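The values are calculated or read from the model by the stated rules, or taken from the named source; none is laboratory data. Predicted model only: the values in this text are computed from it and were never measured. Here the Cβ positions follow ideal geometry from the backbone for every residue, glycine too, while neighbour counts run over all protein chains shown.
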């Protein structure tokens, strides 16, 4: 731990070492709590401007809606994303250590803030912050858990066990886990999704799995050159394409989404 980090933790304890975040509690991070708190303190000491910028974002607050009748609280996700990886520790502080004052925000607005924080943290792709995503995935529901699962998927093979453990029919996190597997674009995830589709009865779960295979094997996504080596692309896309093709006739009610997935995977 650097001297700057130590000094930051000494002089900013109420900021970096609080315990109530907007998404999870710092105590939910387990042994990773201290390390993440130290990185937040170091980042704040080195770049206080980005922390101030994050704290000024109010797109989710009722006051923002009053200023602009067209303002939607979901716009906060766009704002946080545009700040880029530089803002990741300031966002982590709000998500897990120091929730902002709610100031009368309704449930929709507060949920928009939670989703935006988790989305931007996941998009930053920093493994140091994976415990926040894991806690959000395990302790939240619906769109927050789903967004956290996508962030975990983007971190690659190291976080797949967290998703695979819940990729079981009937699991409360099934839909989120499937979406996260699709976002990972990893061969292991593609094989798991293929197995799930083979076993799925016709219905919404099968359609969700098809959507995830479409994302996992998306020809457009792989064409960016950012997802991995050519061997991984060939493995993932072949696995996704074969699973979708062999299950299409078996899943009539899900077939529109299966067809759409086949087109996404095909060049």
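A quick yes/no check of all residues on (1) touching a helix residue (DSSP H, G or I) at 6+ places or on another chain (Cβ under 8 Å); (2) without any contact (Cβ under 8 Å) to a residue 40 or more places away in the chain:
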residue	(1), (2)
125	yes, no
129	yes, no
137	yes, no
141	no, yes
145	yes, yes
152	yes, yes
158	yes, yes
182	yes, yes
187	yes, no
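Can you tell me which residues in the stretch 63-72 are surrounded by 14 or more Cβ atoms within 10 Å (Cβ to Cβ) and either at pLDDT 85 or above or closer than 20 Å to residue 52 by Cα (or both)?
Filtering the stretch 63-72 for residues surrounded by 14 or more Cβ atoms within 10 Å (Cβ to Cβ) gives 64-65, 71-72.
Across the stretch 63-72, the qualifying residue is only 64.
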Please state which of the following conditions residue 16 fails to meet, knowing it meets all the rest: (1) at pLDDT 85 or above; (2) under 26 Å from the mean Cα position of the chain (by Cα); (3) crowded, with 17+ Cβ neighbours inside 10 Å. (1)
Specify the residue that is nearest to residue 33 (Cα to Cα); the eligible residues are those in the stretch 139-156 that are modelled with pLDDT under 95 and assigned to a helix (DSSP H, G or I). 139
Determine whether residue 249 is more than 20 Å from residue 154 (Cα to Cα) and either in a helix (DSSP H, G or I) or at pLDDT 95 or above (or both). yes
Any chance residue 178 is part of a helix (DSSP H, G or I) and not assigned by TED's automatic domain parsing to the domain that holds residue 259: no
For residue 228, which of the numbered conditions (1) surrounded by fewer than 21 Cβ atoms within 10 Å (Cβ to Cβ); (2) in contact (Cβ under 8 Å) with a residue 12 or more places away in the chain; (3) part of a helix (DSSP H, G or I) fails to hold? (3)
Of residues in the stretch 198-225 being part of a loop (DSSP other than H, G, I, E, B) and without any contact (Cβ under 8 Å) to a residue 12 or more places away in the chain, the one farthest from residue 182 (Cα to Cα): 201
